[in-house]
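Everything below concerns the one structure shown next.
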Amino acid sequence: MSGHHSGFAGSALMTYRFCPQGCLDGCKIGLLNGQCPWARRAAIAPQASAGRLLEAHAMPAPVPTSTADDAEMPLEQPAPVCVMSFNASDPTGAGGIAGDVVTIAAMGAHALPVVTALMLRDTAEIFEHSELDADLVVEQARSVLEDVKVSAWKVGFLGSAEGIGAVAEVLSDYPEVPLVAYLPNLTWLEEDEQLAYIDAFRELVLPQTEVLVGSQQTLTDLLLPDWSGERPASPRELAVAAGERGTSFVLVTSVLAASSGGSEQFIDNVLASAQGAIAGEKFERFETSFVGAGDTLSAALSAQLASGTDVAVAVGEALAFLDQALDSGFRPGMGNVIPDRLFWALQSGGEEAEQGEGGEEMAPLNPRYVH
């Protein structure tokens, strides 16, 4: 939540769009040609249908009832997988809990948002924040967990060291549920607050984390605070340090990489374990600064893991989603660019225009259409 995520760049590495419809009766955007990610995802998770990622377990059968209207009763749709996100409320919608909800929904899952803090910010910078009482955060989560099965966690900004302790206590009751933890840039906090937050995150969140997401510099400050090498810490070195804390994988973003000629810069995003790099995508570096990119990537990854997707495949899908969201990003104010998580809902130029009275063509009022 630093307000500057210049390390993320979009280069349209893939040309497909994400479609939550499923396209059972014909693709609405003309991409049923093997590139559709929902079709490919179905091969990985056969439970997925109608474009929604479903629970890997069967829903309990309803108790039979003997009514005359049984034959006319519509079948209840299976529920999508659910991801509980702990994050701050960001009034710009760029990141925080609002960004998580849209991203998770765009990936076909259902978000269970738990607010941890209130941010005072615009699209350029963060001015202040107010953390919620730790007990209130816990009550938000437990009231839902008593009713809904959670298939993955996403952790963003938790407000304070006390907030981290409260959330970690909830997470510890569900050790089998995969956790994606995102550590944003915290340089806008007062130094004592920042140090307390990082210490608590290191001690309480990392031991429960499946994938830790953050920029190369942010993760170095967290995992190797005494690093004094002339070169930046590598993804593998960061993964080794994270593994010593109990974290399985790190997804390191904003890794600078030069081209073969040495003149053109690229941004590498690398998934690594203690054994070495596993997967990643290299993006062309843009000068544009984005806000909300880290929250978008980590939320997309959590939705993928919730479906049971392999970590390496899930990271590839999440990076492809982020790439296209940044390519379609927009600047709503005078600050930074916000990722467009609904890029897949843009009308294509080949679609028929709506017709008004008398048969004349009407231009769409909004470039997005409602599914």
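Residues being open to solvent by less than 70 Å² (accessible area, probe 1.4 Å) and farther than 30 Å from ARG331 by Cα: count how many of those fall in the stretch 144-159.
Total satisfying the criteria: 6.
Only one of ALA141, ALA152 is over 18 Å from ASP295 (Cβ atoms) and under 20 Å from the mean Cα position of the chain (by Cα); which?
Sole residue among the options that is over 18 Å from ASP295 (Cβ atoms) and under 20 Å from the mean Cα position of the chain (by Cα): ALA141.
Take the stretch 292-325 and flag every residue that is open to solvent by less than 10 Å² (accessible area, probe 1.4 Å), more than 15 Å from GLY108 (Cα to Cα), touching a strand residue (DSSP E or B) at 6+ places or on another chain (Cβ under 6 Å) and of a type in the set (A, V, I, L, M).
Of everything in the stretch 292-325, those that are open to solvent by less than 10 Å² (accessible area, probe 1.4 Å), more than 15 Å from GLY108 (Cα to Cα), touching a strand residue (DSSP E or B) at 6+ places or on another chain (Cβ under 6 Å) and of a type in the set (A, V, I, L, M) turn out to be VAL315, LEU319.
Kindly provide the set of residues from the stretch 123-137 that are in contact (Cβ under 8 Å) with a residue 12 or more places away in the chain and surrounded by fewer than 17 Cβ atoms within 10 Å (Cβ to Cβ), ordered by number. Full working, then the answer.
First, the residues of the stretch 123-137 that are in contact (Cβ under 8 Å) with a residue 12 or more places away in the chain: 123-126, 129-132, 134-135, 137.
If the condition is that a residue be in contact (Cβ under 8 Å) with a residue 12 or more places away in the chain and surrounded by fewer than 17 Cβ atoms within 10 Å (Cβ to Cβ), then ALA124, GLU125, SER130, ASP135 are the ones that fit.
Give me the pairs, please: first residue somewhere in the stretch 206-233 and free of Cβ contacts under 8 Å to residues at least 12 places away in the same chain, second residue anywhere and in a helix (DSSP H, G or I) and open to solvent by 10 Å² or more (accessible area, probe 1.4 Å), beta-carbon distance under 7 Å, and either six or more positions apart or on two chains.
Short answer, once both residue conditions are applied: TRP227/THR220.
Are any residues in the stretch 222-231 assigned to a loop (DSSP other than H, G, I, E, B) and surrounded by 13 or more Cβ atoms within 10 Å (Cβ to Cβ), and if so, which ones? Working first, answer last.
Restricting attention to the stretch 222-231, the residues satisfying the condition of being assigned to a loop (DSSP other than H, G, I, E, B) are 224-231.
Within the stretch 222-231, LEU224, TRP227 qualify.
Give the residues of the stretch 175-202 that are outside any strand (DSSP E or B) and either among the aliphatic types (A, V, I, L, M) or within 15 Å of SER248 (Cα to Cα) (or both), sorted by residue number. First the steps, then the outcome.
Kept after step one, since they are outside any strand (DSSP E or B), are these residues of the stretch 175-202: 175-178, 183-202.
PRO175, GLU176, VAL177, PRO178, LEU183, LEU186, LEU189, LEU195, ALA196, ILE198, ALA200, ARG202 - these are the residues of the stretch 175-202 that are outside any strand (DSSP E or B) and either among the aliphatic types (A, V, I, L, M) or within 15 Å of SER248 (Cα to Cα) (or both).
When the stretch 165-188 is examined, which residues are found to be open to solvent by 20 Å² or more (accessible area, probe 1.4 Å) and touching a residue at least 40 places away in the same chain (Cβ under 8 Å)?
So the first thing to find is which residues in the stretch 165-188 are open to solvent by 20 Å² or more (accessible area, probe 1.4 Å), and the list is 165, 169, 172-176, 178, 185, 187-188.
Residues satisfying the conditions are PRO178, ASN185, THR187, TRP188.
Determine if the stretch 344-354 includes at least one residue that is open to solvent by 50 Å² or more (accessible area, probe 1.4 Å), among the small types (Gly, Ala, Ser) and modelled with pLDDT under 95.
Scanning the stretch 344-354 turns up at least one residue that is open to solvent by 50 Å² or more (accessible area, probe 1.4 Å), among the small types (Gly, Ala, Ser) and modelled with pLDDT under 95.
Determine, yes or no, whether ALA106 is closer than 13 Å to VAL83 by Cα and either modelled with pLDDT of 95 or more or of a type in the set (Asp, Glu) (or both).
Considered against the rule, which asks whether it is closer than 13 Å to VAL83 by Cα and either modelled with pLDDT of 95 or more or of a type in the set (Asp, Glu) (or both), ALA106 comes out as yes.
Which of the following residues is in contact with a Lys or Arg (Cβ under 8 Å, 6 or more places away or on another chain), assigned to a helix (DSSP H, G or I) and buried (at least 17 other Cβ atoms within 10 Å of the Cβ): LEU238, LEU206, LEU219?
LEU206
Report whether or not GLU162 is out of contact with any helix residue (DSSP H, G or I) (no Cβ under 6 Å at 6 or more places or on another chain), open to solvent by 10 Å² or more (accessible area, probe 1.4 Å) and either modelled with pLDDT of 95 or more or among the β-branched types (Val, Ile, Thr) (or both).
Here the answer is no, as GLU162 does not meet what is asked.
Which of the following residues is in a loop (DSSP other than H, G, I, E, B) and at pLDDT 95 or above: GLY246, GLY214?
Testing whether each residue is in a loop (DSSP other than H, G, I, E, B) and at pLDDT 95 or above leaves just GLY246.
The values are calculated or read from the model by the stated rules, or taken from the named source; none is laboratory data. It should be emphasised that the depicted structure is a prediction, and the values quoted were computed from it without experimental measurement. Cβ: placed from backbone, ideal geometry, glycine included. Neighbour counts: every protein chain shown. Surface accessibility is based on the protein's heavy atoms, side chains included, excluding ligands, DNA and RNA. Shrake-Rupley method; radii C 1.70, N 1.55, O 1.52, S 1.80 Å.
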